[in-house]
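The values are calculated or read from the model by the stated rules, or taken from the named source; none is laboratory data. Given the structure is predicted, the values throughout are model-derived calculations rather than measurements. Because the Cβ atoms are built from the backbone with ideal geometry, glycine has one as well, and the counts that use them run over all protein chains shown. To get the accessible areas, we keep the full protein, side chains included, count just its heavy atoms, and leave off ligands, DNA and RNA. Shrake-Rupley method; radii C 1.70, N 1.55, O 1.52, S 1.80 Å.
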Amino acid sequence: MDDQLALRIQLFREGGQVRPEVADFVEAELAALADEGATVTEETAGMLTSHLMMALTRLLDGEPIEKFLTDDQVAAELADHPAAVERARRVAARAETELGAALPESEINFLAMHLAVLAQRVTG
């Protein structure tokens with residue numbers, strides 16, 4: 001993780017925008033991605049980081065997460081990225097186990113899109 005991405009997480013944490021356990025969880029997920037060879041930087045993973053931290057925080061705060069109008073389009077796009085979908089499902093399962101935050105299907109799909117983009121940047 002580069003300094004800019006670490007700063008993003010620090011600002012979310014220190015600003016009280018996310019719970020400490022959410023920031024810890026996301027940092028661990030980013031470290032795992034980096035350990036698997038992904039280039040985890042502000043440029044490649046900044047949006048993934050923010051999206052996941054805010055979604056998990058909303059869930060833990062009891063705020064509803066709405067179904068997106070683009071869900072069908074996102075799901076269709078993900079047909080070409082089964083590894084990203086599988087990875088997103090594993091992250092969602094860990095989030096539910098470790099944090100008690102059950103990500104809905106639409107959030108899992110958006111997480112998978114972020115992971116697919118990250119994978120393309122690594123291999124492409």
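Laid out as a table, the results:
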{"read-out": "Within region 82-108, tally of residues that are farther than 19 Å from A119 by Cβ and among the β-branched types (V, I, T)", "value": "1"}
{"read-out": "Enumeration of residues in region 1-29 that are hydrophobic (A, V, I, L, M, F, W, C), within 20 Å of L59 (Cα to Cα) and surrounded by 14 or more Cβ atoms within 10 Å (Cβ to Cβ)", "value": "I9, F12, V18, V22, A23, F25, V26"}
{"read-out": "Any hit, region 64-75, residues being of a type outside the set (S, T, N, Q), in contact (Cβ under 8 Å) with a residue 40 or more places away in the chain and within 24 Å of L7 (Cα to Cα)", "value": "no"}
{"read-out": "Given (1) open to solvent by 10 Å² or more (accessible area, probe 1.4 Å); (2) touching a helix residue (DSSP H, G or I) at 6+ places or on another chain (Cβ under 7 Å), number of the condition T97 does not satisfy", "value": "(2)"}
{"read-out": "In region 39-60, the residues that are over 19 Å from N109 (Cα atoms) and open to solvent by less than 20 Å² (accessible area, probe 1.4 Å)", "value": "V40"}
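Yes/no per residue for (1) modelled with pLDDT of 95 or more; (2) not acidic (D, E):
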residue: M1; (1), (2): no, yes
residue: Q4; (1), (2): yes, yes
residue: I9; (1), (2): yes, yes
residue: F12; (1), (2): yes, yes
residue: Q17; (1), (2): no, yes
residue: A23; (1), (2): yes, yes
residue: E29; (1), (2): yes, no
residue: H51; (1), (2): no, yes
residue: A55; (1), (2): no, yes
